[in-house]
Amino acid sequence: MQISVILAHPDPASFNHAIAQAAIDALKANGHTVFFHDLYQEKFNPLLSGKEIAKGATLPVAIKNHCKEIAAADGIVIVHPNWWGQPPAILKGWVDRVIRPGVAYEFREGDNGEGVPKGLLKARAALVFNTSNTATQREKYFFGDPLGTIWKNCIFGLCGVAGFHRRMFNVIVTSSDIERKNWLHTVRQDIDILFSKDDTVR
Ligand SMILES: Cc1cc2nc3c(=O)[nH]c(=O)nc-3n(C[C@H](O)[C@H](O)[C@H](O)COP(=O)(O)O)c2cc1C
C-alpha cells in the first residue's frame, strides 16, 4: 500500500523526528511504499494565495504533487508537536493548500459551500502522532484536547477517512531515555496494527 507520512518539526534531533523515522521504518518493514515529507526540510511554503482558493484553480507544481500523493494514499501518518493546542503553522499551511476542494472533499450539487461536504480521500485510515508537555487529564479537561477535534472531526472525518487513530506522547520535557525508547516501540506497534504486513488498513 501507499502511505503518506507528513512531519512538522524544525529540529532534526527532536523526538518528533525519531517518531517519524520509527514509523517509516515499520511501514517499510511491512512492505508498504512510503511517501515522506519533512515539511521544514523541504521548506514547504504554507501560505495559501487568493488565486489558489477556488476548486479547479491552477496550482504550483509542488502543491499539485502533494495533492496527487495525498489523493492516492491508502493511509496517512501525521507527526507533530502540540504548539498552542494547534499544529505548527507550516503544517496548518499544508492542510490549507493540500487538503483542498476537489482533492480531499467537495460540496454536493446545489450546495454552494454551506452544507456538509462529501469526503474524497481514499485513505481508509489516518494515524496522528503528537507530543506535548501537558499531562493527558489537563489537556483533556482544561484545554478540551483541541488537536483531537482538529484532526478527527475538522479534517479526516470531513474528508471521508473512516479510521482515525491518534497517539499523544507526554510529558516530553521530563521524559527519561527509557520512556522515550518505549514510546518508539509503541509507534512501531501502532503501525503494525494499522498498516500491517498483510496489506490491509484497519
Ligand atoms: C511554539 C511552541 C508552543 C508550544 N505550545 C505547547 C502547548 O500548547 N501545550 C504543550 O503541552 N506544549 C507546548 N509546547 C511544547 C511542545 O509541545 C514540546 O516541546 C514538544 O512536544 C516536544 O517534542 P520534541 O522534543 O520533539 O520537540 C510548545 C512548544 C513551542 C515551541
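The values are calculated or read from the model by the stated rules, or taken from the named source; none is laboratory data. Keep in mind that this is a model prediction, so the values were computed, not measured. Positions of Cβ are generated from backbone atoms using ideal geometry, with glycine treated the same way; all protein chains shown enter the neighbour counts. Please note that ligands, DNA and RNA were not included when accessible areas were found on the heavy atoms of the full protein model with its side chains. Shrake-Rupley method; radii C 1.70, N 1.55, O 1.52, S 1.80 Å.
Worth a mention:
- Per-region count, the stretch 175-200, residues open to solvent by less than 90 Å² (accessible area, probe 1.4 Å) and among the aliphatic types (A, V, I, L, M): 4
- Qualifying position, being assigned to a loop (DSSP other than H, G, I, E, B) and of a type in the set (Phe, Trp, Tyr), among Phe156, Phe129, Phe143, Phe164: Phe143
- Val187 more than 12 Å from the ligand (Cβ to nearest atom) and under 14 Å from Asn16 (Cα atoms): yes
- Filtering the stretch 135-155 to residues that are open to solvent by less than 50 Å² (accessible area, probe 1.4 Å) and in contact with a strand residue (DSSP E or B) (Cβ under 8 Å, 6 or more places away or on another chain) leaves Glu139, Pro146, Leu147, Gly148, Ile150, Trp151.
- All positions within the stretch 152-182 that are touching a residue at least 60 places away in the same chain (Cβ under 8 Å) and touching a Phe, Trp or Tyr at 6+ places or on another chain (Cβ under 7 Å): Phe156, Cys159, Phe169, Ile172, Arg180
- Any hit, the stretch 67-77, residues being modelled with pLDDT of 95 or more, of a type in the set (A, V, I, L, M, F, W, C) and at positive phi: no
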